[in-house]
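Taken together, the values in this text are just the output of simple stated rules run on the coordinates, not laboratory data. Just so we're clear, the structure is a prediction, and the values are computed from it rather than from any experiment. Every residue, glycine as well, gets a Cβ built from its backbone with ideal geometry; the counts of neighbours run over all protein chains shown.
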Amino acid sequence: MLQTCHNHGMARTRISTTVDQELLANARRAHSGTTDAELVDSALQALLRLYRSAETDEAYKVGYRDLPMDEPDEWGDLESFRNAAAP
């Protein structure tokens, strides 16, 4: 069931689930003054940021693996640049 959020005009979906009682109580204390819906939204946003960060980290690992710092490209090599830029 989709509902329009009165504050943001975005589609909302109702969820019903069972969660760890202590975890929920701790989260409610840490974010007092917010609704459970806001708490879940915040948790989902944090989870997605974490996943995006992990994806970015993995992309850097692959990039550095595929093009090592001392291997030159059309701009030179990263290791020489880094050494020249160091104080």
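At a glance:
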read-out: Phi to ³J(HN,Hα) by Karplus 6.51 cos²θ - 1.76 cosθ + 1.60 over the stretch 50-56, Hz, x for Gly, Pro; value: 4, 5, 4, 5, 5, 5, 5
read-out: Dipole magnitude of the stretch 2-85, debye to nearest 20 (Cβ charges: Lys/Arg +1, Asp/Glu -1, about Cα centre); value: 780
read-out: 222 nm mean residue ellipticity, helices alone, for the chain (DSSP H n ≥ 4; -39,500 (n - 2.57); rounded to 500); value: -18500 deg cm²/dmol
read-out: Spin-label pair Val40/Ala86, simplified geometry with 7 Å Cα→Cβ offset, distance in nm; value: 5.2
read-out: Selection of chymotrypsin sites (Phe, Trp or Tyr not before Pro), the stretch 29-87, meeting DSSP coil and at most 15 other Cβ within 10 Å; value: Trp75
read-out: Value of relative contact order over the chain, rounded to a whole percent, pairs C-alpha under 8 Å and six or more apart; value: 10
read-out: All-pairs Cα distance distribution in the chain, expressed in whole percent, bin size 5 Å; value: 3, 10, 12, 14, 11, 10, 7, 6, 6, 10, 10, 1
read-out: Selection from Leu50, Thr13, Asn83, by position along the positive dipole direction of the chain (Cβ); value: Thr13
